[in-house]
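Reviewing the structure listed below.
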């Protein structure tokens with residue numbers, strides 16, 4: 001190393017002083033962010049320790065689960081599943097045209113691209129629970145409000161994910177069919193759809209899995225289903241009922257997760 | 001197979017005997033970044049002739065093919081394919097004209113999850129502009145001709161197989177079959193053997209040679225002078241967007257190759 005090069009470096013290892021300083025500042029910044037988050041969120045692990053007896057008390061009162069409640073849970077469970085099915089299927093149907101407009105490589109006009117990108121960002125940024133509160137006010141208590149909430153949020157999520165699948169697709173077959181003289185719609189149905197369908201189906205199945213969890217939560221704000229039963233039992237301190245409902249939710253969620261994973265594997 | 005080519009190009013039809021299938025005259029192309037891709041390029045390809053265009057990377061070979069099918073808009077000159085002025089065509093007229101030009105690229109560009117037969121049938125979509133094909137249903141009456149096209153490229157036994165199970169050479173031959181399903185008068189091939197091993201490359205070149213022998217006008221862009229000499233009728237050299245030589249394939253000289261690729265290729 002020449003004298004000039006040596007001057008450029010500090011004695012801290014072989015790294016220049018600027019790099020060492022930068023790493024120090026980044027580390028300090030991370031600690032600062034985590035520290036302020038701990039303070040603002042009021043994290044107090046002492047309270048967790050003293051509250052352990054309360055948690056244990058609830059667990060004791062929740063045992064054994066009130067399995068006699070199971071027949072009453074059949075209809076709310078069906079409602080929860082159907083809200084998820086409706087929200088996913090209608091969401092997927094609406095998302096496909098939205099995604100076509102929101103994919104830069106196939107959109108018919110750039111203003112439509114920006115418009116639909118803005119729309120899906122808006123639909124996605126409003127949480128499902130907020131959509132549910134809006135629809136409970138609009139169409140009243142019950143599963144339909146939850147289903148509409150899932151549709152709106154699903155279009156926000158799927159519209160973007162579908163558009164990304166379309167943007168990432170192999171454009172070779174599209175060009176090949178363009179050169180055969182096929183029309184735009186023929187190119188879309190014979191080259192674009194077969195190219196992106198596995199991706200879209202995989203994402204849709206994953207979305208159903210997500211929507212099923214969400215439809216349980218939506219019951220908390222009056223959108224029916226098993227979530228509403230869970231909230232009612234908790235408000236009445238019926239912890240044995242709560243435990244059986246939690247078991248049903250667990251079976252539902254794991255079942256949907258495994259089922260959609262199995263189907264996704266078959267598709268790809 | 002002769003049925004397919006004859007459907008659009010009858011040997012006794014004076015139109016096809018009298019005039020070249022492809023005529024480029026004074027073709028120029030300026031990219032928006034100022035680069036001159038083609039400059040006053042003129043050439044002709046007759047029916048039943050196999051013409052190879054040689055040139056180094058960036059010489060304008062692919063740009064020329066993309067101008068012919070109007071994927072790029074030339075800035076000057078004329079392009080005539082089977083008496084159609086390609087430059088003036090728009091919309092459905094352009095789609096009809098494209099139907100008469102088969103094009104094979106470096107990559108086969110097949111729809112990977114569809115069957116080989118379905119991919120070939122897609123070549124005929126432009127002849128069936130009804131609601132069924134718009135909804136993604138393939139025209140059933142094109143299955144038999146598509147099978148004939150596959151037979152012609154020697155892959156009829158793979159008709160039901162998915163396209164993503166094919167080797168590179170097989171996929172390229174399926175791409176040729178798809179182009180044949182268009183019933184073209186002109187076949188363009190843009191470096192069709194660039195990603196193939198020598199044996200598969202030889203098969204594809206022999207196939208293009210056979211198509212020319214059957215009456216199709218074939219123009220192929222290549223990097224391999226040896227393949228051009230072995231299979232083509234005529235060789236055109238392109239350098240910096242200009243036609244720098246044009247000769248019978250058997251008379252190509254090492255100085256011609258030097259002109260395109262420098263001394264190393266000689």
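The values are calculated or read from the model by the stated rules, or taken from the named source; none is laboratory data. These figures come from a predicted structure and were not determined experimentally. Every residue, glycine as well, gets a Cβ built from its backbone with ideal geometry; the counts of neighbours run over all protein chains shown.
Those residues that are touching a helix residue (DSSP H, G or I) at 6+ places or on another chain (Cβ under 8 Å) and surrounded by fewer than 20 Cβ atoms within 10 Å (Cβ to Cβ), I need them from region B:210-223; list them, please. Don't jump to the end; show me each part of the working.
Step one: filter region B:210-223 for residues touching a helix residue (DSSP H, G or I) at 6+ places or on another chain (Cβ under 8 Å), giving B:211, B:214-216, B:218-222.
Within region B:210-223, B:214, B:215 qualify.
When you go through B:121, B:99, B:187 one by one, which is the residue that is more than 30 Å from residue B:59 (Cα to Cα) and in contact (Cβ under 8 Å) with a residue 60 or more places away in the chain?
Details: B:99 fails: more than 30 Å from residue B:59 (Cα to Cα); B:187 fails: more than 30 Å from residue B:59 (Cα to Cα).
Going through B:121, B:99, B:187 in turn, the sole match is B:121.
Please give the number of the condition residue A:108 fails out of (1) without any contact (Cβ under 8 Å) to a residue 24 or more places away in the chain; (2) part of a helix (DSSP H, G or I).
Among (1) without any contact (Cβ under 8 Å) to a residue 24 or more places away in the chain; (2) part of a helix (DSSP H, G or I), the lone unmet condition for residue A:108 is (2).
Tally time: how many residues in region B:71-101 are surrounded by 15 or more Cβ atoms within 10 Å (Cβ to Cβ), in a loop (DSSP other than H, G, I, E, B) and within 14 Å of another protein chain (Cβ to nearest Cβ)?
Counting residues in region B:71-101 that are surrounded by 15 or more Cβ atoms within 10 Å (Cβ to Cβ), in a loop (DSSP other than H, G, I, E, B) and within 14 Å of another protein chain (Cβ to nearest Cβ) gives 5.
Identify, from the list B:135, B:155, B:147, B:186, the residue that is farther than 22 Å from residue B:51 by Cβ and at pLDDT 90 or above.
On the way: B:135 fails: at pLDDT 90 or above; B:155 fails: at pLDDT 90 or above; B:186 fails: farther than 22 Å from residue B:51 by Cβ.
The match here is B:147.
In region B:200-245, which residues are within 16 Å of residue B:261 (Cβ to Cβ) and without any contact (Cβ under 8 Å) to a residue 40 or more places away in the chain?
B:224, B:226, B:229, B:244, B:245
Restricting attention to helices (runs of 4 or more DSSP H) lying wholly within region A:8-102, give those where 2 or more residues are surrounded by 10 or more Cβ atoms within 10 Å (Cβ to Cβ) and touching a helix residue (DSSP H, G or I) at 6+ places or on another chain (Cβ under 7 Å).
By residue number, A:52-61, A:70-102.
Working only within region A:238-262, note down all residues that are touching a residue at least 40 places away in the same chain (Cβ under 8 Å), farther than 19 Å from residue A:214 by Cβ and surrounded by fewer than 16 Cβ atoms within 10 Å (Cβ to Cβ).
The answer is A:247, and nothing else.
Is it true that some residue in region B:23-45 is part of a helix (DSSP H, G or I) and crowded, with 19+ Cβ neighbours inside 10 Å?
We begin by selecting, within region B:23-45, every residue part of a helix (DSSP H, G or I); these are none.
Looking through region B:23-45, none of the residues is part of a helix (DSSP H, G or I) and crowded, with 19+ Cβ neighbours inside 10 Å.
Does residue B:202 meet the test of being modelled with pLDDT under 90 and either in contact with a helix residue (DSSP H, G or I) (Cβ under 7 Å, 6 or more places away or on another chain) or within 14 Å of chain A (Cβ to nearest Cβ) (or both)? Give the steps one after another, and end with the answer.
Values: modelled with pLDDT under 90: yes; either in contact with a helix residue (DSSP H, G or I) (Cβ under 7 Å, 6 or more places away or on another chain) or within 14 Å of chain A (Cβ to nearest Cβ) (or both): no.
No: the conditions fail for residue B:202.
If you take the residues in region B:46-70 that are modelled with pLDDT of 90 or more and in a loop (DSSP other than H, G, I, E, B), which one is nearest to the other protein chains (Cβ to nearest Cβ)?
B:69
Which ones in region B:148-171 are crowded, with 18+ Cβ neighbours inside 10 Å and more than 12 Å from chain A (Cβ to nearest Cβ)? First the steps, then the outcome.
If we filter region B:148-171 for residues that are crowded, with 18+ Cβ neighbours inside 10 Å, which is where we start, we get B:149-150, B:152-153, B:155, B:158-159, B:163, B:166, B:169-171.
B:149, B:150, B:152, B:153, B:155, B:158, B:159, B:166, B:169, B:170, listed by residue number.
Pick out the one residue from A:201, A:231, A:205 that is in contact with a helix residue (DSSP H, G or I) (Cβ under 8 Å, 6 or more places away or on another chain), farther than 30 Å from residue B:101 by Cβ, within 14 Å of another protein chain (Cβ to nearest Cβ) and surrounded by fewer than 23 Cβ atoms within 10 Å (Cβ to Cβ).
A:201
Given (1) in contact (Cβ under 8 Å) with a residue 12 or more places away in the chain; (2) within 14 Å of chain B (Cβ to nearest Cβ); (3) in contact with a helix residue (DSSP H, G or I) (Cβ under 7 Å, 6 or more places away or on another chain), where does residue A:189 come up short, assuming only one miss?
(1)
Looking at B:112, B:132, can you tell me which residue is within 12 Å of chain A (Cβ to nearest Cβ), surrounded by fewer than 20 Cβ atoms within 10 Å (Cβ to Cβ), more than 30 Å from residue B:29 (Cα to Cα) and touching a strand residue (DSSP E or B) at 6+ places or on another chain (Cβ under 8 Å)? If you could, list the steps in order and put the result at the bottom.
Numbers: B:132 fails: touching a strand residue (DSSP E or B) at 6+ places or on another chain (Cβ under 8 Å).
The unique qualifying residue is B:112.
Give me the residue from region B:175-195 that is assigned to a loop (DSSP other than H, G, I, E, B) and within 19 Å of residue B:111 (Cα to Cα) and, out of that set, nearest to the other protein chains (Cβ to nearest Cβ). Give the derivation first.
Taking region B:175-195 as the starting set, the residues that turn out to be assigned to a loop (DSSP other than H, G, I, E, B) are B:182-185, B:191-195.
After this cut, where a residue has to be within 19 Å of residue B:111 (Cα to Cα) as well, the list is B:182, B:192, B:195.
On the way: B:182: 5, B:192: 13, B:195: 12 Å.
Step by step, filter region B:175-195, then rank; the result is B:182.
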